[in-house]
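Colleague: The structure is given below, and queries will be raised subsequently.
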2 protein chains.
Amino acid sequence: MNDEVRKRLAWVAVDWGSSHLRAWAMDAQGGVLVRAGSDKGMLALAPEDYEPALLEAIGDWLPASGRVPVWVCGMAGARQGWREAAYLPVPAPLNDLARGAVVPTVRDPRLAVRLLPGLCQHANEAGRGFDVMRGEETQLAGLVALEPGFSGLVCLPGTHAKWAWLDEGSVVRFATALTGELYALLASQSVLKYSVDDAELAEPGCREAFVAAVREAATEPGRFSQWLFALRAADLLDDSLPRGQARHARLGARLSGLAIGLELAGMRHDLSDASVTLIGSEALNTRYGLALEALGHDSRRLDGEAAVLAGLGLAQAGS
Amino acid sequence: MNDEVRKRLAWVAVDWGSSHLRAWAMDAQGGVLVRAGSDKGMLALAPEDYEPALLEAIGDWLPASGRVPVWVCGMAGARQGWREAAYLPVPAPLNDLARGAVVPTVRDPRLAVRLLPGLCQHANEAGRGFDVMRGEETQLAGLVALEPGFSGLVCLPGTHAKWAWLDEGSVVRFATALTGELYALLASQSVLKYSVDDAELAEPGCREAFVAAVREAATEPGRFSQWLFALRAADLLDDSLPRGQARHARLGARLSGLAIGLELAGMRHDLSDASVTLIGSEALNTRYGLALEALGHDSRRLDGEAAVLAGLGLAQAGS
């Protein structure tokens, strides 16, 4: 198996986040030969730890001689990462992220590593706020690789959900909502931890609870913090809810709907008749698609892994 | 000192919360002889631990013989507390909370303990939600003791901020916002922990940052989760902010303003020309008073300790 990989390896794609590293061995046609990953994310690493962590993940793929291009996006390029790849300011054309790439020092002669930059946005009078992204710009570049000159609104759900306005393949503006982190903190660290479980929307009643909560929070976002405590009170008092795990799944689905509905409330001025392109995991794409549908908006979905590979491939091909 | 307390002690007031116990030795005129407290709150205690924790705090005050009334409000009366004092449903007259008090088993013959009940609210079609309170009802009773037949809107800021609509001394409706807990989670557990410090509003620029954030969140609550991440981005990018601790204090004041502004957004339909009565610590009363003023609403302030003592005194006097 590894012999075959070594023979056909053209380059390596790496998405290096805060908590995880994911790597793909790519052939010359952009196909994935094999995947690897570890929990050696930016938060666990000092600068000198990056090369060993990378070799641990991909060392078996490397041929005995010759240099292999390794294209990396994400937090490895942060100031507190391997080496800083300074943010590119918006507006930023996505077919040229590689112009901001930096080369970290490596000892292994087989590695030719490039760290891609993130994007930053300065506040202006038009209400655009300060914002940063690192990693998502490469997924957006992947969208542009797949659909050259793309224009439209893109949502990348996650811990810090990104919304980006693209115009002919450039990011002209973006905004970040703390949705995923807010949900996780409330579900696991607040008084609600006694009352909510992570729920699959396929569980009975969960889809309905999720959709109702999205609509409520999107319509009356000012009541968000009241609705949060009401989850706890409903757990104590509401006889119409099922008992046991099903009760907490239902309330967890409602909490998820409230968090996503609050996020969508902030986007309503921008959600027009145009379709939103969702880039993320299947689970999050499904959840956001359902939430958008509940508010009368169309969406279409692009798999997050396909997007990051296309984006890294665009940088690799242009170099 | 303790001889004097033993001689003049008429009863003991106790506010027993989730994380702390506070006790006051009261004379026959409602004056405070001495205070005590500990961190033996409900979360740290099993039912059999309550009497020892109480004696540890107030044992020195008790005379050698005779029974001393001890009136307790708060989480000691929760299901997971000392003994459950079942919630009274709203509408609930506040001059008669003692009708729902329960007597826990005690060994020490000098203790005559009563645990006051909390209040609960069931959801109805008019949009009133499920809700519960435990402890705050006694502060509301204190307001009614001080101003018999009180009618109006009352806010008790805190970890779980309570808003209560009183009509002629009865709670007819109430709502809870998770404001304090939301702020604390975001400030200490989220990505914002690197960018915000708890701020006194007296620090330079903090009052202005707080007030601006209150106005923004109250006006556009749907952008709450965007504004959260924007705090982090501003820390990374905003050259107009001061450096060092002052920077993080400014951002902390803004986070506090966003959380309180979101809460007030949910109350705007109820905030009419009438003044809001704030019951809480001086620091929180000041902060909420400033937030209400920023939105054009009057408020007046009642000290939280004075309120709880008046409320426990009302129960004690009626028994």
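Please treat every number below as a calculation from the coordinates, not as lab data. Remember, predicted model here, so these are calculated numbers, not experimental data. Neighbour counts are summed over all protein chains in view; Cβ atoms, including those assigned to glycine, are modelled from backbone coordinates with ideal geometry.
Colleague: If the only charges are +1 at each Lys and Arg Cβ and -1 at each Asp and Glu Cβ, what is the size of the charge dipole of the protein assembly as shown around the Cα centre, to the nearest 20 debye?
Modeller: Here the size comes out at about 580 debye.
Colleague: Please say if region B:135-319 is rounded, prolate or oblate, where rounded means a/c under 1.5 for a ≥ b ≥ c the square roots of the C-alpha gyration tensor eigenvalues, and otherwise the choice is prolate for a/b larger than b/c and oblate otherwise?
Modeller: Prolate, since a/c reaches 1.5 and a/b exceeds b/c.
Colleague: Another one. Can you list the copy-to-copy distances for B:Ala10, using a point 7 angstrom from Cα toward Cβ, in nanometres, shortest first?
Modeller: Reported distances to equivalent positions: 8.9 nm.
Colleague: Let me ask another. Of all alpha-carbon pairs in region B:252-309, indicate the percentage at a distance above 19 angstrom.
Modeller: Here the long-distance tail beyond 19 Å is 29 percent of all Cα pairs in region B:252-309.
Colleague: Could you work out how far the C-alpha centroid of region A:63-132 sits from that of region A:150-170, in angstrom?
Modeller: If we compute the Cα centre of each part, the gap is 18 Å.
Colleague: Placing a label point 7 Å from Cα toward Cβ, how far apart in nm is B:Arg243 from its equivalents in the other copies, listed shortest first to one decimal?
Modeller: 6.3
Colleague: Follow-up question, since we're still on this one. Can you compute 3J(HN,Hα) from phi for each residue in region B:286-301, using the Karplus curve 6.51 cos²θ - 1.76 cosθ + 1.60 with θ = phi - 60°, rounded to whole Hz and x for Gly and Pro?
Modeller: Coupling constants for region B:286-301: 5, 5, 5, x, 5, 5, 5, 4, 4, 9, x, 10, 7, 8, 9, 10 Hz.
Colleague: From the Cα gyration tensor of region A:189-245, with a ≥ b ≥ c the square roots of its eigenvalues, which class applies: rounded if a/c is under 1.5, or else prolate if a/b is larger than b/c, or else oblate?
Modeller: Oblate shape, in that a/c is at least 1.5 and b/c is the bigger or equal ratio.
Colleague: Further question on the same structure: Which one, A:Ala57, A:Ala274, A:Ala307, has the greatest fluctuation when you compute a Gaussian network model over chain A with C-alpha springs under 10 angstrom?
Modeller: A:Ala274
Colleague: Something else: For region B:98-244, just the Cα atoms, rotate onto the principal axes and tell me the three extents in Å, largest first.
Modeller: 64, 43, 29
Colleague: So how far, in whole Å, is the C-alpha centre of region A:173-192 from the one of region A:206-223?
Modeller: 16 Å
Colleague: Can I ask one more? Quickly work out the A:Glu84-to-B:Ser65 label distance, labels modelled 7 Å from Cα along the C-beta direction, and quote it in nm with one decimal.
Modeller: 7.9 nm
Colleague: Based on C-alpha coordinates, I'd like the Rg and Dmax of chain A, in Å.
Modeller: Cα only, chain A: 21.2, 69 Å (Rg, Dmax).
Colleague: Once you place label points 7 Å from the Cα toward the Cβ at B:Tyr194 and B:Val172, how far apart are they in nm?
Modeller: Taking the two extended label points, one gets 5.1 nm.
Colleague: For every other residue with a beta carbon closer than 13 angstrom to the beta carbon of A:Pro157, add +1 if it is Lys or Arg and -1 if Asp or Glu, then tell me the sum.
Modeller: Net charge around A:Pro157: -2.
Colleague: Provide an ascending nm list, one decimal, of label-point separations from A:Val102 to the equivalent residue in each further copy; define each label point as 7 Å from Cα along Cα→Cβ.
Modeller: Ordered by increasing distance: 6.2 nm.
Colleague: Let me ask something else about it. How big is the antiparallel share of DSSP beta bridges in chain A, given as a percent to the nearest 5?
Modeller: If I count the DSSP bridges inside chain A, around 60 percent turn out antiparallel.
Colleague: Continuing with the same structure: Percent antiparallel among DSSP beta bridges with both residues in the protein assembly as shown, to the nearest 5?
Modeller: 60 percent
Colleague: Another question, then. Would you calculate a helix-derived [θ] at 222 nm for chain A, using -39,500 (n - 2.57) for each DSSP H run of n ≥ 4 and dividing by the full residue count, to the nearest 500?
Modeller: So the calculated ellipticity at 222 nm is -11500 deg cm²/dmol.
Colleague: I need the semi-axes of the equivalent ellipsoid of region B:1-117: take the C-alpha gyration tensor, multiply each eigenvalue by 5, square-root it, list largest first in whole angstrom.
Modeller: Over the Cα atoms of region B:1-117, the ellipsoid semi-axes are 23, 17, 13 Å.
Colleague: Which lysines does A:Lys40 reach when only Cα atoms under 26 Å apart count, and residues fewer than 8 places away in its own chain are ignored?
Modeller: A:Lys162, B:Lys193
Colleague: Once both labels are modelled 7 Å past Cα along the beta-carbon direction, what's the B:Glu208-A:Asp273 spacing in nm?
Modeller: 4.5 nm
Colleague: Pick out which of A:Ser151, A:Ser188, A:Ser225 has the largest mean-square fluctuation in a Gaussian network model of chain A, springs linking Cα atoms closer than 10 Å.
Modeller: The residue with the greatest mean-square fluctuation here is A:Ser225.
Colleague: Still on this structure, please answer the following. D for region A:158-262, whole µm²/s, Stokes-Einstein with Kirkwood Rh over alpha-carbon pairs at 4 °C and 1.567 mPa s: what number?
Modeller: For the chosen part, D equals 90 µm²/s.
Colleague: When chain A is modelled as a GNM with alpha-carbon springs shorter than 10 Å, which of A:His160, A:His269, A:His297 fluctuates the most?
Modeller: The residue with the greatest mean-square fluctuation here is A:His269.
Colleague: At a Förster radius of 25 Å, what calculated FRET efficiency corresponds to the Cβ-Cβ distance of A:Asp27 and A:Leu55, to the nearest 0.05?
Modeller: So the FRET efficiency works out to roughly 0.75.
Colleague: Give, in whole angstrom and from largest to smallest, the semi-axes √(5λ) of the equivalent ellipsoid of region A:1-48, with λ running over the eigenvalues of the Cα gyration tensor.
Modeller: 25, 10, 9
Colleague: Further question: Rounded to the nearest 5, what % of DSSP beta bridges with both residues in region A:1-117 are antiparallel?
Modeller: Given both bridge residues lie in region A:1-117, the antiparallel proportion sits at roughly 55 percent.
Colleague: Rounded to whole Å and ordered largest first, report the semi-axes of the equivalent ellipsoid of the protein assembly as shown derived from its Cα gyration tensor (root of 5λ).
Modeller: Each semi-axis is the square root of five times an eigenvalue, giving 54, 26, 23 Å.
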